[in-house]
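Chemist: Submitted below is the structure of interest, expressed as structure tokens.
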Amino acid sequence: MAATLTYYSERGNEYVKTLTGMMRVNELYAADDARLLQQDLVLIVNAVDETDARAVAEEISGLRASGELAELVGSMGIVGL
């Protein structure tokens with residue numbers, strides 16, 4: 001699964017090499033065969049109260065309608081929004 005993280009860091013492949021190297025050195029083999037499920041993307045946001053949560057939901061809705069959300073998510077290498 002680590003190989004899918006090239007867009008997670010601006011270091012790209014170098015980040016993945018560093019991460020997999022640390023996993024190998026520390027013998028972290030338990031999740032070697034782990035795979036991401038093909039499920040809808042879920043956005044988790046921080047809201048201090050119901051009013052804030054509604055405002056955040058409206059902002060996300062506007063970003064989705066304008067295509068900005070898909071562009072942002074796509075720039076992170078995430079698909080399926």
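Every number in this text was worked out from the coordinates using simple rules, so none of it is lab data. From a predicted model like this one, the values you see are computed outputs, not experimental measurements. Glycine also receives a Cβ, built like all others from the backbone with ideal geometry; neighbour counts cover every protein chain displayed.
Chemist: Which residues, taken from the range 2-55, are surrounded by fewer than 11 Cβ atoms within 10 Å (Cβ to Cβ) and at positive phi?
Modeler: Correct list: 27 only.
Chemist: Related question: Against the conditions (1) surrounded by 12 or more Cβ atoms within 10 Å (Cβ to Cβ); (2) part of a loop (DSSP other than H, G, I, E, B), where does residue 63 fall short? Just the number, please.
Modeler: Unmet condition: (2).
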